[in-house]
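Comments concern the structure below.
Read the figures in this text as sums done on the coordinates, not as results from a lab. Here the structure is a predicted model, which is why all the values come from computation and not from measurement. Here the Cβ positions follow ideal geometry from the backbone for every residue, glycine too, while neighbour counts run over all protein chains shown.
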Amino acid sequence: MKRSQINQIIKTADQFMRKHQFYLPPFAYWSANEWKQKGPECAEIVSNGLGWDITDFGSGNFEATGLFLFTLRNGSLSTSPSLTGKQYAEKIMISEPGQRTPMHFHWHKTEDIINRGGGKLVIELYNATPDGLLDQTKVHVSIDGVEKLFDAGEQIVLHPGESITLTPFLYHSFWGSEERVLIGEVSMVNDDETDNRFLDPVGRFPVIAEDEAPLFLLVSDYANYYRG
Ligand SMILES: [Fe+2]
C-alpha cells in the first residue's frame, strides 16, 4: 500500500469514529518525531501492539480485501498463562461495504465482534476440520448470550448493537453491508504473530511504499521510530 493511501484511510476513519462518538487515546495522535523522543514508559504500547493497523492482507486491493483496525488495549501471551497483567484486548475496526477480512481462525483467542454502528455487519462462519480446512458441519455460536445454530458458510447479519462470540478454531470472514460499519472487538489477549490461522496464506501487515510522510505511525512502523 502507498503511505498516502494509508494516511487518507486514517483521516476518513478518524472522522467516522468521531461521528459515532468513539474517541481514541492520546498516543493515537503522536507524530513520528514525537515517537522518536519516547522512552521506556511507552513500552507497553509497542510491545503489545497498540495503535493504528491498516492492512490489505498483502492483496494490493484494500477496497476488496482489507481492514481498518486500531488496537486500544492488549496484554501479552508471555504473561497470560500466569494470569497476571492484562488478560484482555479491545480493538475498533471499520469495514466498507463488500470489503472482506480473509477467512481465518484463532488458536487461542476467543473474541466478541460487535456492530458498533453504521451499516450492517455480515459474518460467514465455518468449523475447522482437523487438518485446518472448512468443515461443512453446522456451527454453534452465541449471539448476545443466545445460542444459535447456523449452516456452514451461512451469512449472519449483525445490526448495530448486536455482537457474536467467536471461539477458537471457528473460521470467520466478515464485511460491511450497505454502509461503512464501525466494529468493536473485545477479546482475550491478541497476538498477530502466532494466533492467526488464515485459510489462504496472506500477509498480515501491508508492504508500504513511502510516497509521503506518515500522518501517524502504524503498529508495524514502531520498530523504525521508537528507541525505548
Ligand atoms: Fe478474528
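Pick out, in residue order, every one of the chymotrypsin sites (Phe, Trp or Tyr not before Pro) in the range 16-73 that is DSSP loop and has at most 16 other C-beta atoms within 10 Å; say none if there are none.
Filter output for the range 16-73: PHE22, TYR23.
Report the gain in length on full extension from LYS36 to THR12: 0.36 nm times residue separation, minus Cα-Cα distance, nm rounded to one decimal.
Full extension of this stretch gives 6.1 nm more.
Around GLU90, with a cut-off of 11 angstrom between Cβ atoms, what is the net charge of the other residues, counting Lys and Arg +1 and Asp and Glu -1?
Here the count lands on 0.
What is the Cα radius of gyration of the range 3-225 over 2.2 N^0.38 Å, N being its residue count? Spell out each step's value before the answer.
Working: Rg = 17.3 Å, N = 223, 2.2 N^0.38 = 17.2 Å.
Against the compact-globule rule of thumb, the ratio is 1.01.
Between GLU44 and LEU134, how high is the FRET efficiency from 1/(1 + (r/R0)^6) when r is the Cβ-Cβ distance and R₀ = 35 Å? Nearest 0.05.
With a Förster radius of 35 Å, E is 0.40.
What is the extension gain from ASP192 to THR167, computed as 0.36 nm multiplied by their sequence separation minus the C-alpha to C-alpha distance, in nm to one decimal?
7.4 nm
Taking N as the number of residues in the range 163-228, what is its alpha-carbon radius of gyration divided by 2.2 N^0.38 Å?
Normalised Cα radius of gyration, the range 163-228: 1.45.
Among PRO26, SER82, ILE143, flag the residue with its Cα farthest along the positive direction of the charge dipole of the range 3-225, charges on Cβ as +1 for Lys/Arg and -1 for Asp/Glu.
Working it through, the farthest residue towards the positive pole turns out to be PRO26.
Grab the other residues whose beta carbon is less than 12 angstrom from that of THR12, score K and R as +1, D and E as -1, and report the net.
Numbers: positive: LYS11, ARG18, LYS19, ARG180; negative: ASP14, GLU96.
Result for the neighbourhood of THR12: +2.
Contour minus end-to-end for ASP200 and THR79, with contour as 0.36 nm per residue of separation and end-to-end as the Cα-Cα distance?
Length gained, ASP200 through THR79: 40.6 nm.
Enter the angle in degrees (range 0 to 90, nearest 10) between the Cα long axis of helix 3-19 and the first principal axis of the Cα atoms of the chain, meaning the one along which they spread out most.
70
Calculated FRET efficiency, HIS159 and THR110, Cβ-Cβ r, R0 22 Å, to nearest 0.05? Intermediate results must be reported in sequence, preceding the final value.
On the way: r = 22 Å, r/R0 = 1.01.
The formula returns an efficiency of 0.50 here.
Which percentage, to the nearest 5, of the DSSP beta bridges contained in the range 3-119 is antiparallel? Mind dumping the intermediate values first?
Details: 10 of 11 bridges.
Around 90 percent of the beta bridges assigned by DSSP in the range 3-119 are antiparallel ones.
Under 5 Å between amide H atoms, partner at least 5 residues away or on a different chain: which partners does SER95 have, H built in plane at 1.01 Å?
VAL181, ILE183
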